[in-house]
Amino acid sequence: MTVRVHFSSDLRRLTGGLTEVEVADPGATVKALVANLDGRFPGLGERLSAGTAVMLDGEVIAHPDYEPVADGSEVYFIHQPSGG
Amino acid sequence: MTVTESRPESSSEPPAARPRYRFVGTRPVRHDGLDKVTGRARFAADCDLPGQLAGCVVRSPHAHARIISIDTGEAEAMPGVKAVISGGDFPAVAPGDPNYDMGVNLMARDRVLYEGHAVAAVAALTTDQARAAAAAVRVEYEPLPPVLTIDAALDPAVGAIHAHMFTSGADPAPTEPSNVSQLTNFARGDTEAGFAAADVVIEREFTTQPVHQGYIEPHAVTADASQDGKATVWCSSQGHFNVRAQTAAMLGWETARIKVVPAEIGGGFGGKTTIYLEPLAVLLSAKAGRPVKMVMTRSEVFRATGPAPGSKFRVKLGARSDGTLTAGKAQMAYSSGVFPSYAAFLGAWTVFESYDIADFEVEARNVVLNTPRSAAYRAPSAPMSALATETVVDELAQALGIDPIEMRLRNAVSEGAINTLGAPFPRVGFTECLEAIRDHPHYGAPLGPNQGRGVAAGHWFNIGESSSATVNLNEDGTATVVTGSPDIGGSRASMALMAAEELGIDVYDITPVVGDTESVGFTDITEGSRATFATGMAVVEACRRVVADLRGRAAKMMGVDVSEVDWADGSAVHAGGEHDPLPLAAITAEAKKTGGPITVTGSLDAKGVGPSFAVHLCDVEVDPETGVVQVVRYTAAQDAGTAIHPSYVEGQIQGGAAQGIGWALNEEYIYDGDGVMENPGFLDYRVPVASDLPMIDAVIVEVPNPNHPYGVRGVGETSIIPPLAAVANAVAAATGRRIRDLPMSPVRVLDAIVNSGSDSTDSSSSNG
């Protein structure tokens with residue numbers, strides 16, 4: 001299983017400037033994916049645990065830890081969306 | 001006026017008939033309406049408790065200063081004074097703590113960071129005594145140079161307000177502190193190639209000033225701290241669970257020690273998604289041993305709460321001769337007051353979100369100033385970004401000789417278009433909103449002398465988040481629906497309508513209640529236009545579980561298996577027809593014999609939000625001698641998905657349009673050179689009043705959100721996005737002058753008419 005992960009600008013210094021990566025065997029959930037990414041980009045896991053939302057296959061999810069990821073999923077880590 | 005476009009999930013499928021609803025889409029008088037119009041409704045300042053004290057805040061006269069000392073001795077000795085607090089009475093916070101910004105904003109510690117910043121607070125027997133004591137608190141300041149403009153904040157030579165703040169998102173990571181708190185970049189494709197492919201390229205600069213949410217009800221709270229270490233807080237907010245959590249965090253208390261009782265809210269618009277007074281009142285009450293009531297003056301509301309950020313933009317768009325947008329580039333800065341915010345991110349997300357542009361670059365900076373910490377205001381950051389984009393799109397249409405609606409139709413995003421973040425749009429109703437305005441009689445109506453017409457669009461993504469609802473059936477077949485969402489825009493009526501539709505009983509047999517933090521499950525803030533969408537989903541979920549329970553009870557009463565019992569029109573119906581239908585009231589009357597009370601809670605984290613679009617059409621008349629702009633006709637179309645209560649959808653559309661018109665024409669924070677606000681009152685900070693505006697014709701477009709049981713999209717915010725550009729485009733049409741610095745006050749408009757200097761920093765070009 002492979003998912004594609006996109007990084008916003010404020011995460012890129014933790015990813016060596018990469019804007020997106022493909023992750024093979026990412027685990028079953030966003031939480032597992034984050035752990036996977038932290039192994040590749042040390043410090044990213046802690047940063048993503050601090051109130052970051054994801055857009056997963058077009059759906060913005062504010063609390064994504066246990067959301068399942070599937071083969072071909074597109075994942076964007078973004079600021080927690082908010083409103084007035 | 002309602003335009004219904006009911007389609008299934010994929011727009012490639014043929015249109016389906018809209019579901020026939022019995023209650024959803026009707027316009028009953030709101031359940032809380034009588035109390036509201038007769039003055040019986042209790043707002044935050046209406047709470048009075050026996051023995052309560054009056055609280056008052058001591059505020060900084062300086063925009064930036066070091067606190068040398070605070071002497072409360074004289075104040076504490078004054079008649080009637082029962083308690084005085086200052087920063088040292090709160091738990092210590094350090095840079096990097098999650099609570100640092102809010103904690104320091106509530107009460108200054110070693111520095112004051114804006115004029116109006118709270119320094120101390122007192123509680124006394126009367127308001128006059130509290131005010132006198134506040135004036136007697138001696139604070140020695142060492143004034144520091146304030147940072148007051150976006151340009152100053154962006155200047156590396158200007159000292160950083162916060163020594164601990166380094167620009168997030170900068171690459172490489174900065175080594176020096178900065179007044180730029182965050183840098184956001186989005187990009188797609190090859191922007192330069194996109195501009196090279198354009199026949200016309202237009203680049204413009206825009207500025208807007210901070211504006212306040214302008215709610216009529218000032219912030220107010222009454223707190224009663226008891227001797228067992230708990231406290232009850234009465235206040236109005238956009239989310240009392242959030243008030244509880246933030247107050248507990250600021251005091252270092254466990255959440256369970258605080259109960260928050262929601263008062264009616266006299267307007268919030270995003271400005272009541274945070275706290276200012278609640279921890280102060282609790283602390284004063286705990287210290288004094290008596291309840292404490294605090295009510296801000298209007299001046300305090302302006303100087304210490306809100307506002308929406310100011311902004312500075314440079315936006316460039318290119319288009320082919322057929323109107324197709326080929327490329328976009330935006331450089332943006334938002335001022336979020338003295339602490340960082342997410343303003344730049346939201347602006348970067350929304351600036352090009354309405355249009356299908358293949359190649360773009362967006363760079364947005366959030367800067368901090370020595371002005372009040374900004375707060376959310378309806379669709380935060382999007383009105384400013386739409387001002388820029390929608391004005392340039394209008395100019396492109398003009399340059400290409402294309403009708404402005406047609407220009408937008410040729411570029412509008414639709415289902416499957418890739419958004420700024422890179423994900424595909426779900427089914428949206430932008431095209432339908434454009435068509436609704438194009439086909440409206442207003443669009444082709446003749447204009448008078450000195451009049452002009454402008455059009456603009458706006459998009460908001462909306463959010464879901466967590467909501468809870470409890471449905472209690474009464475013995476006589478009536479019901480109570482308790483939710484945790486404050487009723488800001490008629491949500492009681494909307495919840496009752498959805499419950500009535502599910503249960504099949506009359507909407508007036510349902511009592512919708514806003515429960516306190518101990519009476520209903522956790523519910524997130526009412527923000528992101530989420531209440532009718534998300535809390536409505538919780539109501540529907542609870543009602544469907546009630547119906548399942550009712551079917552089981554009816555099966556027991558009929559002596560049949562539950563699989564043989566359906567629910568229709570408020571009755572349990574035996575599928576075989578061998579038993580008479582059992583109305584809901586007949587089942588609740590027997591509840592004690594069939595399993596006891598019928599009460600069900602629905603709680604969820606709502607997903608499947610439906611993005612919302614709006615298109616506004618504005619006619620203005622400009623007095624060429626004074627520069628006064630009068631809005632003479634205004635029509636606003638918005639996709640509501642499904643309007644649960646059309647009157648309140650129309651109200652949201654009209655309210656957002658009115659606030660946006662004020663933003664465009666009059667409203668701004670005005671500071672003197674020392675950072676002292678010069679217009680902290682409604683006489684000098686002029687919001688539109690009824691006599692300033694025409695009737696705003698609200699056109700509800702209904703393209704149902706396939707992910708909501710009734711097709712709801714949020715409607716509370718989108719309506720404030722288009723007006724800035726719609727008014728600006730109308731003024732340009734009336735005067736032949738583009739004004740890109742808001743507000744378009746008479747002085748500024750007259751200057752543009754007389755001097756036509758507004759185009760000096762802009763450029764436009766034709767390729768080939």
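The values are calculated or read from the model by the stated rules, or taken from the named source; none is laboratory data. The structure presented is a predicted model; accordingly, all values stated were derived computationally and were not measured. With ideal geometry, Cβ positions are generated from the backbone for all residues, glycine too; neighbour counts draw on all protein chains shown. Surface areas here come from the heavy atoms of the whole protein model, side chains and all, with no ligands, DNA or RNA. Shrake-Rupley method; radii C 1.70, N 1.55, O 1.52, S 1.80 Å.
Laid out as a table, the results:
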read-out	value
Using distinct alpha-carbon pairs, which all enter the 1/r mean, Kirkwood radius of the range B:435-496 in Å	16.9 Å
Residue mean of other protein chain beta carbons inside 10 Å, A:72-83	6
Space enclosed by the convex hull of the alpha-carbon atoms of the range B:576-638, per residue, Å³	314 Å³
Cα gyration tensor, chain B - rounded (a/c under 1.5), prolate or oblate	oblate
Spatially proximal lysines relative to B:LYS329 (Cα-Cα < 23 Å; intrachain offsets below 8 disregarded)	B:LYS312, B:LYS316
Stokes-Einstein translational diffusion, the range A:2-79 - Kirkwood Rh over all Cα pairs, 0.890 mPa s, 25 °C, in µm²/s	204 µm²/s
Solvent-accessible surface (1.4 angstrom probe) belonging to B:MET557, in square angstrom, nearest 10	70 Å²
Peptide-level mean, for B:339-349, of C-beta atoms on other protein chains within 10 Å	2
Semi-axis lengths, Å, the range B:465-606, gyration tensor of Cα atoms, sqrt of 5 times eigenvalues	29, 13, 13
Compactness of the range B:227-286 as Cα Rg over 2.2 N^0.38 Å, two decimals	1.06
A:GLU20 long-range amide H proximity, modeled H, under 5 Å	A:PHE7
Total formal charge among the other residues, if their Cβ is under 10 angstrom from that of B:HIS574, Lys/Arg +1 and Asp/Glu -1	-4
In Å², nearest 10: area of B:SER756 left accessible to a 1.4 Å probe	60 Å²
Cross-link pairs beyond the 31 Å C-alpha cut-off, checked among B:LYS259/B:LYS607; B:LYS36/B:LYS287; B:LYS82/B:LYS230; B:LYS230/B:LYS272	B:LYS36/B:LYS287
Which of B:TRP567, B:TRP663 is most accessible, then next, and so on - probe 1.4 Å	B:TRP567, B:TRP663
Protection-proxy order for peptides B:504-513, B:454-463, B:63-72, B:353-362, each taking the mean of Cβ atoms within 10 Å per residue, highest first	B:454-463, B:353-362, B:504-513, B:63-72
Along principal axes, Cα extents of the range B:599-744, largest first, whole Å	62, 37, 26
By average C-beta atoms within 10 angstrom, highest first, the peptides B:640-646, B:238-244	B:640-646, B:238-244
Relative contact order %, chain A, counting alpha carbon pairs below 8 Å whose residues are six or more apart	37 percent
Å³ per residue enclosed by the Cα convex hull of the protein assembly as shown	178 Å³
Rounded to 5, percent antiparallel among DSSP beta bridges of the protein assembly as shown	75 percent
Value at 222 nm in deg cm²/dmol, rounded to 500, when DSSP H runs of n ≥ 4 in the protein assembly as shown each add -39,500 (n - 2.57)	-7500 deg cm²/dmol
Peptide B:457-467 - average C-beta neighbours from other chains (10 Å radius)	3
Cα gyration tensor shape for the range B:8-139, rounded if a/c is under 1.5, else prolate or oblate	oblate
Area accessible to solvent at B:VAL562, 1.4 Å probe radius, in Å²	60 Å²
